[in-house]
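Trainee: Quick one: the structure is below, questions incoming.
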Amino acid sequence: MNILITGGSKGIGAAVVKKLAADAGNKVYFTYANSAAAAKELAAASNNITALHCDYTNTASVDELVAKIPGLDLDILINNAYPVFYQQYFHKMEDADILNSFGVNVLPVIKITKAAIPGFRKKKGGRIINVLSTFILNKPPTGLSDYTANKNYLLSLSKSWATENARHRVTSNSISPSFMETDFTSTTDTRIIDQMKEAHPLKALVTPDEVADAVLFFCHCSPHINGVNLPINAAEDLL
């Protein structure tokens, strides 16, 4: 299978790339923006991994990737990249920051997915997998309204992609993992992380490798599994 994962040089993305590349029958493409050294190292790990530069904060860079997509002959698209993160109370956010966040975190996902769907429909098969967050479930956290709203927007799109393309055997599913220790969350106070672990039902946070297992499931599951959002949170929201 030909697979593209955005934001694949570190964290969840890198874990997914490694897991998918373990199957020699897969050709795995991943995008990176600023982590050139990590991307080079990951691409060198296997001859079926290819790194593609794409900076979501640069419209021309996104458009270059979009132009390449028909030639990749994709079977699977995994939307994982989320480059700009605002941690601020909603009433304190500048209008320009909200607009910029949507432009660099959501709009590239729309463009890339729009470019992939025609190929999926032509092949009568394809899979879209979106990495979201448990922040969209139940009570949202304070200070992360922008992030939560964007992830909810992508969830709504994912459901529409599922219903609009189901008869072409194209699925669109999402995963919503809980907090993880990655570069994305590296600025979080270690005391807060310790409190999270102590309050967690398993006394341990989910890992990128465990999230990658869920992505792998959606890569191979029946097309009857479509329009699903899978929480990965040890039933925390049920306890």
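The values are calculated or read from the model by the stated rules, or taken from the named source; none is laboratory data. As the structure is a computational prediction, the values presented were derived from the model and not from experiment. For neighbour counting, all protein chains shown are included, and Cβ atoms are generated from backbone atoms with ideal geometry for every residue, glycine included.
Trainee: Note down all Cβ pairs under 8 Å where the first residue falls in the stretch 73-102 and is farther than 14 Å from Thr6 by Cα, the second is among the acidic types (Asp, Glu) and crowded, with 17+ Cβ neighbours inside 10 Å, and they're at least six residues apart or on different chains.
Mentor: Cβ pairs passing all conditions: Tyr86/Asp146; Gln88/Asp146; Phe90/Asp146; Met93/Asp146; Asp97/Asp146; Ile98/Asp146; Ser101/Asp146.
Trainee: So is Ala115 of a type in the set (A, V, I, L, M, F, W, C), in contact with a Gly (Cβ under 9 Å, 6 or more places away or on another chain) and in a helix (DSSP H, G or I) or not?
Mentor: For Ala115, the condition - of a type in the set (A, V, I, L, M, F, W, C), in contact with a Gly (Cβ under 9 Å, 6 or more places away or on another chain) and in a helix (DSSP H, G or I) - is not met.
Trainee: Restricting attention to the stretch 76-87, report how many residues are surrounded by 14 or more Cβ atoms within 10 Å (Cβ to Cβ) and more than 16 Å from the chain's Cα centre (by Cα).
Mentor: Final tally of qualifying residues: 1.
Trainee: Follow-up. Checking the structure you have, find out if any residue of the stretch 79-102 is in contact with a His (Cβ under 8 Å, 6 or more places away or on another chain) and closer than 19 Å to Ser174 by Cβ.
Mentor: Checked the stretch 79-102: no residue is in contact with a His (Cβ under 8 Å, 6 or more places away or on another chain) and closer than 19 Å to Ser174 by Cβ.
Trainee: Could you grab me the full set of residues in the stretch 15-43 that are in contact (Cβ under 8 Å) with a residue 40 or more places away in the chain and farther than 15 Å from Ile76 by Cβ?
Mentor: Scanning the stretch 15-43 gives Ala15, Lys18, Ala33.
Trainee: Right, here's the next one. Among the candidates Ser186, Ser160, Ser172, single out the residue that is at pLDDT 95 or above and surrounded by fewer than 19 Cβ atoms within 10 Å (Cβ to Cβ). Break it down stepwise before answering.
Mentor: Details: Ser186 fails: at pLDDT 95 or above; Ser172 fails: surrounded by fewer than 19 Cβ atoms within 10 Å (Cβ to Cβ).
It is Ser160.
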